[in-house]
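The values are calculated or read from the model by the stated rules, or taken from the named source; none is laboratory data. Remember, predicted model here, so these are calculated numbers, not experimental data. Positions of Cβ are backbone-derived with ideal geometry, glycine not excepted, and every protein chain shown enters the neighbour counts.
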Amino acid sequence: MSLQRKNYEIITDELRRFIESGLIKPGEKLDTIDQLATQYRVGKSTVREALSQLKALGLIESRQGGGTYVKKPGLEPSAVLDSLQTSNAELAQVLQVRKILEVGAAGLAALYRTDEDIKEIGKIVEQMKDTVGPGRRAIRYWRQLWRLLPPRCTA
């Protein structure tokens, strides 16, 4: 796995810093894709990917035939991702560490589990089965499962 940052990640991070610091203000129009490609000495597709990332973070919006503008700050769900301020490479590292920790935690939880824990997990899994499908979210049940772990990870 390569930890070298891609050009679009560098551009995304720089433009995000400009927006967050107020150098580029809400409502202000960004340079065109051609202009940004020239400024950063990259191809247009690289700039498009960076702008796509900024859109996903809720920082900019495209107006049909009018260009790309900085959005006013809001409480969009994607803003939570922005607060992490991690690049894809950093995120990959975090996910690797998380995988190691979760496997260890699950092992300890299994070692110290009780019959009551098994019953509780069974109930949660049944509830999760009812939520599987398009447009349904089982995330609250995953949270319930993970709340069971910490007390079971120690003797």
Point to revise | Number of the exception - residue 37 against (1) surrounded by 13 or more Cβ atoms within 10 Å (Cβ to Cβ); (2) closer than 25 Å to residue 72 by Cβ; (3) without any contact (Cβ under 8 Å) to a residue 40 or more places away in the chain | key: (2)
Review point. What residue, among those in the range 114-135 that are surrounded by fewer than 10 Cβ atoms within 10 Å (Cβ to Cβ) and within 24 Å of the chain's Cα centre (by Cα), is modelled with the highest pLDDT?
Key: 132
Exercise for review: Any residue in the range 43-72 that's over 12 Å from residue 28 (Cβ atoms): show its pairings with residues that are surrounded by 16 or more Cβ atoms within 10 Å (Cβ to Cβ) and acidic (Asp, Glu) at Cβ separation under 8 Å, as long as the two are six or more apart or on different chains.
Suggested key: 50/9; 53/9; 57/82; 58/82
Review point. How many residues are under 16 Å from residue 66 (Cβ atoms) and in contact (Cβ under 8 Å) with a residue 12 or more places away in the chain if we restrict to the range 21-34?
Key: 7
